[in-house]
Amino acid sequence: MRILAIVVLAIIVLGLVGYAFSAQGSIAKVVLGAASLLGLARQGIEGNATIWFWGTSCYATTADVGPSLNVTSAYGSTVQYPLNWNYRPDCMHTATFHIELPPGRYAVTFSTPISCIKQPKGTFGGISCDLPFDTFVAPGVYSPTDLYVVGGL
C-alpha cells in the first residue's frame, strides 16, 4: 500500500514538473525522459494525418514520403516529428502518430505550409483542412489529434 502511494505521488509530481517546465524544452525533455525510463510519463498526442487530393494525377509509391508533423508549445517552441506515410487508393495518403509530450497547450500542423480555405456549402474545389490543430495535453492522457487536408479541382 505504501509503495502504491509513493508511485501515485511520483506520477503527480512528474506531471506538475512537466507542466511547469513546458516552456523549457530541454528541461522538460530530461524530466520526461527520466519518467519514461521509469514507466511513469505517459501523456501526449496520438492520432491520424490524412492528405487527400481528388481529381488530380497521383502515383502510389512503396515508400511514401510526405510532410513531417510540427508541434509548437504555447510558448513558441517547435519540434518536428517525421511521419511514416502510407498510400491509399484514390490519391489518399495517411499516417498515424503517437508522441509523448509534457502537459500543456500545443498547436499541431504539417511542416509544409498548406493554404487552407473553408469552402461554402455546395461548392467544389480548393483545399480545406483543420490546420493548425490546437490541443491540450493533460498529465497521464494522450489527446486525440486528427489532422486532415482535402482538396481537388
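Read-outs: derived from the displayed coordinates by stated rules, not from any lab. All figures in this text were calculated on a predicted structure; none of them were measured in a lab. Neighbour counts run over all protein chains shown; Cβ positions are idealised from the backbone, glycine included.
Over the stretch 62-102, the hull volume per residue, using the convex hull of the C-alpha atoms, is 79 Å³.
Near THR96: Cβ cut-off under 11 Å, other residues only, Lys/Arg at +1 and Asp/Glu at -1. The net charge is -2. FRET efficiency for the THR112 to VAL141 pair, using the beta carbon distance and R₀ = 35 Å, is estimated at 0.75.
Once the chain from TYR148 to ASN84 is taken as fully extended at 0.36 nm per residue, the excess over their C-alpha distance is 21.5 nm. Local charge for PHE133 was computed over the other residues whose Cβ lies under 13 Å away, with Lys and Arg +1 and Asp and Glu -1, and equals -3.
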